[in-house]
């Protein structure tokens, strides 16, 4: 058990911004722990977010449970963000991601599951930074677009949910884009 647990966690120290905790409950094709941890560090720096960020890569069933428990919605979602309490200076917050929904969206959009997870991490980091695309008149979308370009990521989560900005999808592929803080 200890051996399996050790492989499930990745800790990466970043002196200026805290510690990343990456938990792979489910694997992502083309994504290894050190690579995701480095990305989280780069994205945190770019977003100006200080403190530890815990990232959980899990199943849609677990995401449904989290969404029901914390948002009262009995359905899975692609990403959830949980900002830390104000008195927790060393913790920025936590992000949970459905690996299954990420893989499905990646197929529909024609990029890798690894890129999709990174897009979802960036989206979650911006929520932890205080952005809220549901009520900020496009501020989060603008910042996500800037950071996505800086971090060399494909089409952003908010952009693709806007009908005029969404790319043509492969026939027969439905895109799951319900994202909430």
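The values are calculated or read from the model by the stated rules, or taken from the named source; none is laboratory data. It should be emphasised that the depicted structure is a prediction, and the values quoted were computed from it without experimental measurement. Heads up, the Cβs are rebuilt from the backbone with ideal geometry, glycines too, and the neighbour counts pull from every protein chain shown.
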Quick check, is residue 7 surrounded by fewer than 19 Cβ atoms within 10 Å (Cβ to Cβ), modelled with pLDDT under 95, touching a helix residue (DSSP H, G or I) at 6+ places or on another chain (Cβ under 9 Å) and not in a strand (DSSP E or B)? yes
Restricting region 62-102 to residues that are under 14 Å from residue 24 (Cα atoms) and surrounded by fewer than 23 Cβ atoms within 10 Å (Cβ to Cβ), the residue that is nearest to the chain's Cα centre (by Cα): 94
Number of the condition not met by residue 93 [criteria: (1) out of contact with any helix residue (DSSP H, G or I) (no Cβ under 7 Å at 6 or more places or on another chain); (2) on the phi > 0 side of the Ramachandran plot]: (1)
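Considering only residues that are under 22 Å from residue 85 (Cα atoms) and either surrounded by 21 or more Cβ atoms within 10 Å (Cβ to Cβ) or touching a helix residue (DSSP H, G or I) at 6+ places or on another chain (Cβ under 6 Å) (or both), which ones fall in region 34-45? So that I can check it myself, show each step before the final result.
Keep residues of region 34-45 that are under 22 Å from residue 85 (Cα atoms), which gives 40-41, 43-45.
Within region 34-45, 40, 43, 44 meet the criteria.
One line per residue, one yes/no per condition, for (1) within 19 Å of residue 95 (Cβ to Cβ); (2) at pLDDT 55 or above:
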| site | (1), (2) |
| --- | --- |
| 129 | yes, yes |
| 135 | no, yes |
| 141 | yes, yes |
| 146 | no, yes |
| 155 | no, yes |
| 161 | yes, yes |
| 169 | no, no |
| 172 | no, no |
Residue 142 fails exactly one of the following numbered conditions: (1) part of a helix (DSSP H, G or I); (2) surrounded by 20 or more Cβ atoms within 10 Å (Cβ to Cβ). What is the number of that condition? (2)
Which condition does residue 52 not pass, out of (1) at pLDDT below 95; (2) surrounded by fewer than 16 Cβ atoms within 10 Å (Cβ to Cβ), if it passes all the others? (2)
